[in-house]
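Structure first, commentary second.
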Amino acid sequence: MNGAAPSLTGFCRDCLCEQRPGLSRCAACGSPRLLRHPERDLLAIAHIDCDAFYASIEKRDNPELADKPLIIGGGKRGVVSTACYIARIQGVRSAMPMFKALEACPHAVVIKPNMEKYVRVGRQIRAMMQELTPLVQPLSIDEAFLDMNGTEALHRAPPAQVLARFAARIEREIGITVSVGLSYCKFLAKVASDLQKPRGFSIIGRAEALDFLRERPVTTIWGVGKAFAATLEADGIRTIGTLQEMEENDLLRRYGSMGQRLYRLARGIDERPVAPESIAKSVSAETTFHDDLSRPEALTAHLRALSEKVAERLRHGGQAGQTVVLKLKTADFKLRTRNRRLENPTRLADRIFRTGMDLLDREADGTRFRLIGIGVSDLADPTLADPPDLVDVGATRRATAEEAMNRLRDKFGRGSIETGYTFGRDRR
Ligand code: DCP
Ligand code: MG
């Protein structure tokens with residue numbers, strides 16, 4: 001990757017000056033942050049991810065916190081949303097219970113999340129990304145893919161330089177830092193952005209892709225979580241290098257469509273296009289039951305829990321959706337999807353749930369189901385979502401109650417509040 005290869009020309013990530021080969025510091029400003037790579041000007045798929053996003057914003061807004069370990073998360077009972085890099089050195093991680101985090105880092109300053117603020121900053125950054133290329137695909141509140149192909153004439157510079165300029169602009173104008181990954185495909189761009197965090201800029205070229213991937217664990221591959229990694233490990237597959245030596249048919253036979261994906265990604269083959277926001281389809285959640293279910297009450301409880309998950313994802317992604325989609329799979333694997341377009345976009349669990357219930361009503365006729373899912377499509381600007389309902393006063397009241405619960409969840413963690421529909425579900 002970069003950093004090495006001093007024999008190449010490069011440029012300085014701080015002052016953007018071109019650099020002769022052989023120098024280890026910028027000839028103009030003395031910065032050691034030189035970017036050199038043989039494929040530097042041939043690559044155009046980028047992944048940008050903000051560093052310790054919530055924590056960086058809070059540090060920006062309170063300079064006294066700059067040198068202190070900082071944790072963003074719920075009170076003592078909650079979990080860690082994120083921690084700054086100073087707290088991470090001491091072992092604090094996202095999703096860690098707060099008491100554990102404070103054991104690891106007793107002097108940390110803890111701040112409750114302010115989602116509205118983070119969503120606002122996320123949108124500002126997204127708007128700035130869209131000045132670089134129309135092909136921006138957000139993955140979450142603080143990260144996105146950018147397809148920079150064909151933008152060189154517009155910017156009068158190749159993508160690598162435009163991206164370095166962008167990272168500097170975010171620092172200057174927003175006051176937080178980002179890390180950039182640049183490659184020829186989404187998979188490796190995303191892997192690259194993580195390599196030198198924080199304030200990183202990594203390049204993975206075509207020529208080095210196979211070697212780069214060989215020693216990495218299979219969990220580097222998108223979609224390989226803990227459970228699937230355990231299955232692979234039991235089959236003797238721990239590194240991507242092992243996958244690189246296997247036949248496509250073998251992987252296909254063992255793992256179905258996932259096997260094909262493993263085959264291709266292990267070889268650095270990823271042709272998925274960067275799909276901009278308007279095409280980014282939906283936000284959803286689903287669950288497959290241990291035993292098939294037909295009772296409406298049982299299905300309803302799942303629907304409520306899933307609606308809350310969808311609402312939380314919308315909230316964290318700064319999104320809303322206008323069409324509610326119910327998905328059911330019958331015991332004999334027949335898929336049923338039912339849609340309803342709402343008058344306004346929503347990001348509230350209550351609206352998603354009630355619409356889903358209406359749709360479910362017609363399907364819960366004694367049929368046995370193995371899976372239920374709920375989601376929203378037609379994603380929209382969250383500022384347009386859930387206007388006060390002049391006709392259904394009850395809906396407005398429930399919406400207000402939900403906003404209040406969300407604030408409490410941000411404060412005390414997700415498990416702190418349950419509604420009547422989901423209460424005790426996990427313990428049954
Ligand atoms: N987040 C959260 N709970 C998690 C993970 C993340 O609430 N389990 C929130 C807080 C993060 C934000 O989402 O600031 C972005 O997630 P990232 O995974 O990108 O984490 P960070 O940006 O905090 O850190 P990094 O520098 O590793 O990207
Ligand atoms: Mg991040």
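The values are calculated or read from the model by the stated rules, or taken from the named source; none is laboratory data. Treat the numbers as computed from the prediction; the structure is a model and nothing was measured. With ideal geometry, Cβ positions are generated from the backbone for all residues, glycine too; neighbour counts draw on all protein chains shown.
Of the numbered criteria (1) at positive phi; (2) not assigned by TED's automatic domain parsing to the domain that holds residue 152, the one residue 14 fails is (1). Tell me, yes or no, whether the range 219-239 has at least one residue that is away from ligand 1 (no atom under 16 Å from the Cβ), within 18 Å of the chain's Cα centre (by Cα) and surrounded by fewer than 22 Cβ atoms within 10 Å (Cβ to Cβ). Yes, the range 219-239 contains at least one residue that is away from ligand 1 (no atom under 16 Å from the Cβ), within 18 Å of the chain's Cα centre (by Cα) and surrounded by fewer than 22 Cβ atoms within 10 Å (Cβ to Cβ). Criterion applied to 51, 67 was being touching a residue at least 40 places away in the same chain (Cβ under 8 Å) and not small (Gly, Ala, Ser), and the one residue passing it is 51. The residue of the range 104-120 that is nearest to residue 196 (Cα to Cα), among those that are crowded, with 20+ Cβ neighbours inside 10 Å and within 16 Å of ligand 2 (Cβ to nearest atom), is 118. Could you list all residues from the range 31-45 that are part of a loop (DSSP other than H, G, I, E, B), of a type outside the set (D, E, K, R) and out of contact with any Cys (no Cβ under 6 Å at 6 or more places or on another chain)? Of everything in the range 31-45, those that are part of a loop (DSSP other than H, G, I, E, B), of a type outside the set (D, E, K, R) and out of contact with any Cys (no Cβ under 6 Å at 6 or more places or on another chain) turn out to be 32, 37, 38, 43, 44. Answer yes or no: is there a residue in the range 198-215 that is without any contact (Cβ under 8 Å) to a residue 40 or more places away in the chain and among the polar types (S, T, N, Q). No, that holds for no residue. Being touching a residue at least 60 places away in the same chain (Cβ under 8 Å), surrounded by fewer than 17 Cβ atoms within 10 Å (Cβ to Cβ) and closer than 30 Å to residue 380 by Cβ, is that true of even one residue in the range 152-173? Scanning the range 152-173 turns up no residue that is touching a residue at least 60 places away in the same chain (Cβ under 8 Å), surrounded by fewer than 17 Cβ atoms within 10 Å (Cβ to Cβ) and closer than 30 Å to residue 380 by Cβ. Please enumerate the residues belonging to the range 46-103 that are within 15 Å of ligand 2 (Cβ to nearest atom), of a type outside the set (A, V, I, L, M), part of a loop (DSSP other than H, G, I, E, B) and at pLDDT 95 or above. Listed by number, the residues that qualify are 51, 84, 93. Only one entry of 50, 17, 29 meets the criterion of being under 26 Å from residue 189 (Cα atoms) and away from ligand 1 (no atom under 16 Å from the Cβ), and that entry is 17. Of the residues in the range 197-206, at least one is surrounded by 18 or more Cβ atoms within 10 Å (Cβ to Cβ), small (Gly, Ala, Ser) and assigned to a loop (DSSP other than H, G, I, E, B). Scan the range 249-268 and report the pairs whose first residue is at pLDDT 90 or above and whose second residue is crowded, with 16+ Cβ neighbours inside 10 Å and hydroxyl-bearing (Ser, Thr, Tyr), with Cβ atoms within less than 6 Å and a gap of 6+ or a chain change. From residues that are at pLDDT 90 or above, the pairs are 251/263.
Among what's in the range 65-103 and is surrounded by 20 or more Cβ atoms within 10 Å (Cβ to Cβ) and of a type in the set (Gly, Ala, Ser), pick the residue that is nearest to ligand 1 (Cβ to nearest atom). That would be 81.
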